[in-house]
Structure formats: C-alpha cells, structure tokens
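What follows is calculated from the coordinates using simple rules that are stated; it is not laboratory data. The structure presented is a predicted model; accordingly, all values stated were derived computationally and were not measured. Neighbour counts run over all protein chains shown; Cβ positions are idealised from the backbone, glycine included.
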Amino acid sequence: MDLLIKEYKRVAAVQPKGRLDSNTAPELEAALTKLQIDGRTHIVLDLSEIEFLSSAGLRVMVSTMKNLRKTGGELAVASPNSRAREVLRLAGLDSVFSVYETREAAIASV
C-alpha cells in the first residue's frame, strides 16, 4: 500500500492506495497516530484509490475517529470508490462516518 499525506492549514488529507488489510493497516494506523501526535485533530481519509478494504482497515478508521472526537476533532471520509462504499455500507459504518463525494468537500467540512 502506498500512502500519500498532504497537510493543509486546518486539516491533513491521507490517501491510501492499494489494499487496506491486516498487512497494511498498521502502516495507516501509524501514519494517522503520528498526525494526531503532531496536533492534527481534523483528518480527511481519501478512499478513492483503495482496491480492497478489510475489517482491519475499518478498525483503524473507527479507532482514529474515536480518538479524534475525544479532542474535538473529526475523521471525514472522502471519495470512497464503489468497493470502499460497499464495505462501509455492509459494516453499517456509512452512517457513522461523515462521507463526502470529493476530497474538497470533506476538507471544507472539517
């Protein structure tokens, strides 16, 4: 999995590319944790380039969302492709996360 991180004034955008599974979820978790340690409380997770999203990836997303909310922050999901959108729906998380059609809309929301 490749991981692109772009930091803006108020928000950090994180875009994993490839498979987000039990092998790669720790890499995403480490990157998201580092952003939080660095004081980032608003993160946009761009899922447009995800090829596969497992329960391990969902666990990282949920735990990050919970941690951010404790500090008044938010994790927004941007541009989920059809695969990611279906996994979120099947897991019942499409109503838990703030999901936006574009990265720009997600950034503007947080």
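For this structure, a couple of remarks:
- DSSP bridge pairs, the chain: antiparallel proportion in percent, nearest 5: 30
- Semi-axes of the equivalent ellipsoid for the range 2-109, computed as √(5λ) from the eigenvalues of its C-alpha gyration tensor and ordered from largest down, come to 19, 15, 13 Å.
- Residues with amide H under 5 Å from that of E51, placed H, sequence gap 5 or more: G18, R19, L20
- Approximate spin-label separation E104-D2, in nm, with each point projected 7 Å along Cα-to-Cβ: 2.3
- Percentage relative contact order, the range 2-109, counting C-alpha pairs under 8 Å, at least six apart: 26
- GNM top mover of V44, V99, V87 - the chain, alpha-carbon springs below 10 Å: V87
- Potential lengthening between S63 and S82 on full extension [0.36 nm per residue; Cα-Cα distance subtracted]: 4.6 nm
- Stretched out straight at 0.36 nm per residue, the stretch from L93 to A30 would grow longer than its current Cα-Cα span by 20.5 nm.
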